[in-house]
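Q: Let me begin by handing over the structure; questions about it come next.
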Amino acid sequence: ERARDEAEYRESLDVIHDEARHMSRIVEDLFMLARADAGERVVNRVPLYLDELVVECCRIVRPLAEERGVAFTVEPVNGEIEVVGDEVLLRRAVLNLLDNAVKYTESGGAVRVAVIRDDDDVRVDVSDTGVGVLPEDVERIFERFYRVDKARSRSDGGAGLGLSIVRWAVEAHGGSVSVQSELGRG
């Protein structure tokens, strides 16, 4: 309703751009889950190195951790860990786990990531010193749209879809996902 200077317009456009990216991500997540529910999302299994995929995801999330003052450690892997899986889905699952760990860890805290081979099984462990989860919320955090701390999730832009995508992607590969948490201890 009033004229603004160039800086105000630029700031407004930056906010609109960020919100558009956020909405695009939510819509993309909803479409992915809807296609999965309808049996239309095929898991494209190809040989890939899970250790390299996890390290690449860590490189993507590390700047967010640094920005928030969170120490970010990737444990070294002994040898290559080759798996057969859908690279897009596995990348999305790992990124969602890492993003969640960083967002719910206060400044001065830490996130640790490890890829572990145990005989024929492979496990990606993400641990943090974050806010933790109450026992009654542990299983619910994988439900669509469920957010433990609704006010905090909203401020961080969460829609409550990330961990449900993690569960679906892992289970689509014949795996399982679990959480061990204590309130205030990550």
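The values are calculated or read from the model by the stated rules, or taken from the named source; none is laboratory data. This one's a predicted model, so the numbers in the text were calculated from it and none came from an experiment. We place every Cβ from the backbone using ideal geometry, glycine too, and count neighbours over all the protein chains shown. Quick note on the areas: whole protein, heavy atoms, side chains included, nothing else; ligands and nucleic acids left out. Shrake-Rupley method; radii C 1.70, N 1.55, O 1.52, S 1.80 Å.
Q: Give me the percent relative contact order of the chain, please, defined on Cα pairs under 8 angstrom at least 6 residues apart.
A: Working: 249 pairs, mean separation 37.8, N = 186.
Over the chain, the number comes to 20 percent.
Q: Let me ask something else. How many nm separate the modelled label positions at residue 107 and residue 21, each set 7 Å beyond the Cα in the direction of the Cβ?
A: It is 2.2 nm.
Q: Add -39500 (n - 2.57) for each DSSP H run of 4 or more in the chain, then divide by its residues: what number comes out at 222 nm, to the nearest 500 deg cm²/dmol?
A: Working: 5 runs with 85 residues, N = 186.
Using -39500 (n - 2.57) per qualifying helix, the result is -15500 deg cm²/dmol.
Q: Using +1 at the Cβ of each Lys and Arg and -1 at the Cβ of each Asp and Glu in the chain, identify which of 168, 135, 48 lies farthest towards the dipole's positive end.
A: It is 135.
Q: Let me check I've understood the local charge: for residue 79, count other residues with C-beta under 10 angstrom from its C-beta, Lys and Arg +1, Asp and Glu -1. What total comes out? If you can, show how the numbers build up before the last one.
A: Details: positive: 117; negative: 51, 80, 82.
Within the 10 Å Cβ shell, the charges total -2.
Q: Here is a further query. Residues with amide H under 5 Å of residue 72's amide H, sequence separation 5 or more or different chain, H placed in the peptide plane at 1.01 Å from N; which?
A: Residues meeting the criterion, in which the H sits 1.01 Å from N, are 111.
Q: So if R0 is 25 Å, what FRET efficiency would residue 140 and residue 87 give, r being the distance between their Cβ atoms, rounded to the nearest 0.05? Before the final figure, lay out the partial values.
A: Details: r = 29 Å, r/R0 = 1.16.
After rounding to 0.05, the efficiency reads 0.30.
Q: Provide, as a two-decimal number, the C-alpha radius of gyration of the chain over 2.2 N^0.38 Å, N being how many residues it has. List each step's numbers first, then the result.
A: On the way: Rg = 18.0 Å, N = 186, 2.2 N^0.38 = 16.0 Å.
Normalised Cα radius of gyration, the chain: 1.13.
Q: So how exposed is residue 119, as accessible area in Å² (1.4 Å probe, rounded to 10)?
A: That residue has around 130 Å² of solvent-accessible surface.
Q: Just want the answer: with Cβ charges of +1 for Lys and Arg and -1 for Asp and Glu, which residue in 95, 32, 186 is farthest toward the dipole's positive end in the chain?
A: Of the options given, the answer is 32.
Q: Quick check for me: using +1 on Lys/Arg Cβ and -1 on Asp/Glu Cβ, what's the dipole size of the chain about its Cα centre, in debye to the nearest 20? Don't skip to the end; give the middle numbers.
A: On the way: 25 positive and 38 negative charges, 80 e Å.
Using only the charged Cβ atoms, the result is roughly 380 debye.
Q: Oh, and also: Let me know the shape class of region 1-105, please: from the alpha-carbon gyration tensor, a ≥ b ≥ c as square roots of the eigenvalues, rounded when a/c is under 1.5, otherwise prolate if a/b is greater than b/c, or oblate. Walk me through the numbers on the way to the answer.
A: Working: a/c = 3.23, a/b = 1.51, b/c = 2.14.
Note, shape of region 1-105 comes out oblate.
Q: Once the piece of chain linking residue 120 and residue 60 is laid out straight, how much longer is it, given 0.36 nm per residue of separation minus the C-alpha distance between them?
A: Numbers: separation 60, 0.36 × 60 = 21.60 nm, distance 2.82 nm.
Using 0.36 nm per residue and subtracting the Cα-Cα distance, I get 18.8 nm.
Q: Further, regarding this structure: What FRET efficiency comes out for the pair residue 42/residue 78, r = Cβ-Cβ distance, R0 = 45 Å, nearest 0.05?
A: Working: r = 33 Å, r/R0 = 0.73.
Plugging the Cβ-Cβ distance into 1/(1 + (r/R0)^6) gives 0.85.
Q: Restricting to bridges with both residues inside region 19-124, how much of the DSSP beta-bridge set is antiparallel, in percent to the nearest 5? Working shown, then result.
A: On the way: 8 of 12 bridges.
Once the DSSP bridges in region 19-124 are tallied, antiparallel ones form about 65 percent.
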